[in-house]
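**Q** Dropping the structure in here first, questions after.
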Amino acid sequence: MKRWLALALLMLVSGLAGWWSADWKPQRVQGHPSQTVYLLDNGYHTDLAVPVSVLLARDDALARAVRQTTALYPDARWVLIGWGEQNFFQGSGPIRERLPEGARALFTPGGSPAVLQLIALQAAPGQMWADEAYGAALDDTGMARLRGRIARSLATRSDDTPIRTTVSQAYRPRDTMYFASRERFSVFKLCNHWMAEVLYAGGLEMPVGRALLSSEVVKAVSVHNEGRTGLERPQ
């Protein structure tokens with residue numbers, strides 16, 4: 001029995017080590033870059049600024065969500081998109097007071113409900129966050145696939161309309177809306193893992209397990225911008 005337990009533990013450790021060190025590698029060579037998205041990192045969470053023109057390229061649930069978000073801001077040219085656990089992401093108050101709730105969400109059997117956060121931006125990301133926005137230039141195919149990955153995350157009604165979620169009265173900024181996601185939040189699918197999947201769809205090489213850390217997602221974008229292959233490991 002002890003031998004079998006030791007073998008199972010070894011297999012588990014090996015599996016986790018492989019998951020942590022693995023990279024998603026693009027299956028195609030990128031063409032000429034045509035547009036840019038901007039990754040924002042606040043130290044633990046990442047968001048992605050995408051041109052409104054890209055998000056409205058198709059008449060689907062994502063385009064409808066964007067129209068709702070920008071209805072009061074017709075001059076908005078960018079939308080900031082993030083993903084996270086519904087209650088924690090939509091909550092208000094100091095983060096330290098909401099950590100127990102966030103911890104419970106990590107280990108909820110089957111995962112916890114998640115939402116997409118959309119924020120209408122009144123200026124270009126590079127102007128609003130000069131030192132915090134990391135641009136990634138994509139070709140037309142990459143941009144379309146990135147948009148498609150975001151769209152597939154949205155939960156929809158039978159008529160393909162997005163499902164807007166309710167937010168407490170204490171936290172309801174006019175430029176921000178939340179929409180239900182069909183994906184679930186868990187310890188193996190955090191906000192930065194979701195972001196890595198979105199950027200991978202756009203043609204970037206991305207870390208798998210290491211995407212737990214927002215800094216690793218930023219590092220992958222930097223490697224993409226430098227035109228290098230393979231990701232640097234933390235020193």
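The values are calculated or read from the model by the stated rules, or taken from the named source; none is laboratory data. Source: prediction; values computed, not measured. All Cβ positions, glycine included, derive from the backbone under ideal geometry; neighbour counts span all protein chains shown. Remember, those area values only see protein heavy atoms, side chains included, never the ligands or the DNA or RNA. Shrake-Rupley method; radii C 1.70, N 1.55, O 1.52, S 1.80 Å.
**Q** Considering only residues that are among the β-branched types (V, I, T) and within 16 Å of V54 (Cα to Cα), which ones fall in the range 146-160?
**A** The answer is I150, and nothing else.
**Q** Does F185 satisfy being outside any loop (DSSP other than H, G, I, E, B), open to solvent by less than 40 Å² (accessible area, probe 1.4 Å) and modelled with pLDDT under 95?
**A** yes
**Q** Then there is this: Could you please let me know if Y178 is among the aromatic types (F, W, Y), surrounded by 15 or more Cβ atoms within 10 Å (Cβ to Cβ) and out of contact with any Lys or Arg (no Cβ under 8 Å at 6 or more places or on another chain)?
**A** In short, no.
**Q** So which of G209, G126, G202, G110 ends up being out of contact with any Pro (no Cβ under 6 Å at 6 or more places or on another chain) and at pLDDT 90 or above?
**A** Only one candidate qualifies: G202.
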